[in-house]
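What follows is one structure encoded as structure tokens, with my remarks underneath.
Values quoted throughout were computed directly from the atomic coordinates according to the rules given, and no laboratory measurement underlies them. These figures come from a predicted structure and were not determined experimentally. Methodologically, a virtual Cβ is constructed for each residue, glycine included, from the backbone with ideal geometry; neighbour enumeration extends over all protein chains shown.
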Amino acid sequence: MTTDTDIDQGRLRADLEALVALPSVAFPGFPTEPVRAAADLTEELLREAGLEDVVQIDVPGAAPAVFGQVAPPAGSDAPTVLLYAHYDVQPAGPEDAWTTPAFTATERDGRLYGRGTADDKCGIALHVAALRALGDLRAAGLGIKVLVEGEEETGEGTLSTLVAADPDRFRADAFVIADGSNVATGTPTLTTSLRGFAVVEVTVSTLRDFVHSGVAGGAAPDALVALSRIIATLHDEDGDVAVAGLDRLPWDGDALDEEQFRREAGVLDGVALVGSGPLAERLLTRPSVTAVGIDAPTVRGAGNALIPSARAKLSMRLAPTQDPRAAADALVAHVRAVAPWGVQLAFEISALAPGALLGGEGPVATAAAAALEAGYAAPVSRIGTGGAIPLCADLAAIYPDAEFVLWGAGDDRSRIHAADESVDLGDLGRAAAAELALLRSLGTAG
């Protein structure tokens, strides 16, 4: 049985600390040098792990991807596995929000803190650790490919276009996506579905210019009031999304605990959760709509004037089967239908990404579940995720016959995208051990 003692824990941690030290934020306006340095370090680590033909792939308009491979044994029907992760990270945000510096990996109470520790430099580190422990990769009895992206957080999707243009290069029988998370520390988890998303910006205009509220208030329409009325129609009295035409799926996987969710989400005492039905369905297989931003005068310095124009950014999370363009069109149609007073409307669809159903019942998924149990010495949980991984959904469309494994070393305390992001060091080792066990089993099967 594979255990985390098969993994070189010291090198695993050192690799992750070295990656975290590079502020590889790929968003516009941030320095490009740390992004390139993270690509270089990833290339170096993959070479050291025994991969061949390791190269950096130019991605038009984005940070390079890093790719390496070892061919399957000649003349065999051994499977090929592609391991995926990404080296780019979210911005750190305010420095004073972090207990310790964001780009200095720091251990506290068995957890390693720093930007990228969980999302998703730990994915690179566990891939490298598993490949090192596998030994002679040419003798492993399977083909291995590794693809590490440098633009996942920006959501531009240009890597998907590159893969689609050269599908044979990245083709695999199984894709192991190390960008998932455990439902809790020590609970090995397979992610079986992803929600998609669509982002629509709506601008409401009512007047040519600001006008004194004492002169025109009571007759002239205020754009911010009109926009507020529109936003208020996006949900019914229970808090369920009221936009017609959106997919809603039942959830038949593990249930979610409401009290645990309230704690994790930071819901204030006395504030009710929104929506009806099982919590897992609300979070994993039904749509949600959030007004994530509004452009309007700020309270400080606001004058007594009617507002001529106001804009909102409406972010939708979508059922795994939902076509994101159709969802955006449905939201636009809803806004047009409910807009009051004949206001003028303008729309911009600024982001689209599909969700995915990743199965969980095929031979690779079965092997992955057994590998998780071996690595963690605990029963496996199967759960969906409310977040989106656009490349994962695109790979499922490009390679419809492939199987997918989505997992990771993060957990419910990882605070990805937030200050004090962290990973449990024990689970990091166990996740690497699980991946090693999966590669061994697929190689033996091949």
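Can you work out ³J(HN,Hα) from phi for every residue in the stretch 110-117, in order, using Karplus 6.51 cos²θ - 1.76 cosθ + 1.60 and θ = phi - 60°, giving whole Hz and x for Gly and Pro?
Running phi through 6.51 cos²θ - 1.76 cosθ + 1.60 with θ = phi - 60° gives x, 10, 9, 9, x, 5, x, 4 Hz.
Please compute the length gained on full extension between Asp58 and Ala302, using 0.36 nm multiplied by the number of residues separating them and subtracting their Cα-Cα distance.
83.1 nm
Give me the Debye-computed log₁₀ of I(q)/I(0) at q = 0.18, 0.20, 0.26 Å⁻¹ for the stretch 1-72, equal point scatterers on Cα only, no solvent, two decimals.
-0.82, -0.94, -1.18
In sequence order, what are the phi-derived ³J(HN,Hα) couplings for the stretch 138-147 according to the Karplus relation 6.51 cos²θ - 1.76 cosθ + 1.60 with θ = phi - 60°, rounded to whole Hz, with x for glycine and proline?
My calculation for the stretch 138-147 gives 5, 9, 7, x, 7, x, 10, 10, 10, 10 Hz in order.
How much length is gained if the chain between Asp209 and Ala74 is pulled fully straight, taking 0.36 nm per residue apart and subtracting their Cα-Cα distance, in nm to one decimal? Walk me through the intermediate numbers first.
Values: separation 135, 0.36 × 135 = 48.60 nm, distance 7.28 nm.
Separation in residues times 0.36 nm, less the Cα-Cα distance, equals 41.3 nm.
Which of the following values of volume of the Cα convex hull per residue in Å³ was calculated from the structure shown: (i) 128; (ii) 157; (iii) 144?
(ii)
Over all directions, how big on average is the projection of the convex hull of the alpha-carbon atoms in the stretch 40-169, in square nanometres? Mind dumping the intermediate values first?
Numbers: hull surface 37.6 nm².
Taking the Cα atoms of the stretch 40-169, their convex hull projects to 9.4 nm² on average.
Where in the stretch 35-59 does the label zone of Ala139 land, with the point 7 angstrom along Cα→C-beta and an amide N cut-off under 18 Å?
Under 18 Å, as judged by backbone N against the label point of Ala139, lie 49-52 of the stretch 35-59.
Going highest first, how would you order 262-271, 145-154, 80-89, 248-257 by mean Cβ packing within 10 Å? Could the numbers behind the result be given before it?
Values: 262-271: 9.4, 145-154: 23.7, 80-89: 26.9, 248-257: 15.0.
Answer by packing, highest mean first, reads 80-89, 145-154, 248-257, 262-271.
In nm, give the distance between the simple-model label positions of Glu237 and Arg336, each being 7 Å from the Cα along the Cα-to-Cβ direction.
3.0
Once you charge only the Cβ atoms, +1 for Lys and Arg and -1 for Asp and Glu, what is the size of the charge dipole of the stretch 1-82 about its Cα centre, to the nearest 20 debye?
220
For the chain, with the dipole built from +1 on Lys and Arg beta-carbon atoms and -1 on Asp and Glu ones, taken about the Cα centre, which of Leu22, Ala371, Gly75 lies farthest toward the positive end?
My answer, from the dipole projection, is Leu22.
I need the P(r) histogram for the stretch 218-349: all alpha carbon pairs, bin width 10 Å from 0 out to the longest distance, whole percents.
That works out to 10, 35, 31, 18, 5, 0, in percent per bin.
Phe30 to Asp254: extension gain in nm, 0.36 nm per residue of separation minus the Cα-Cα distance?
76.6 nm
Please list the non-local residues whose amide H lies under 5 Å from the amide H of Glu403, H modeled 1.01 Å from N, same-chain partners needing a gap of 5 or more.
The answer is Ala174, Phe175.
If I model a spin label at Thr290 and Thr104 as a point 7 Å from the Cα along the Cα→Cβ vector, what separation in nanometres do I get?
With each label point 7 Å from Cα toward Cβ, the separation is 3.1 nm.
Run the quick spin-label model on Leu345 and Ala219: label points 7 Å from Cα toward the beta carbon, then report their separation in nm to one decimal.
2.8
Taking other Cβ within 10 Å of each residue's Cβ, how do Lys313, Lys121 sort, fewest first?
Ascending number of Cβ neighbours within 10 Å: Lys313, Lys121.
Quick one: 3J(HN,Hα) in Hz for the stretch 85-100, Karplus 6.51/-1.76/1.60 with θ = phi - 60°, rounded, Gly and Pro as x.
Per-residue couplings from phi come out as 7, 9, 9, 7, 9, 6, x, 6, x, x, 4, 6, 7, 9, 5, 10 Hz.
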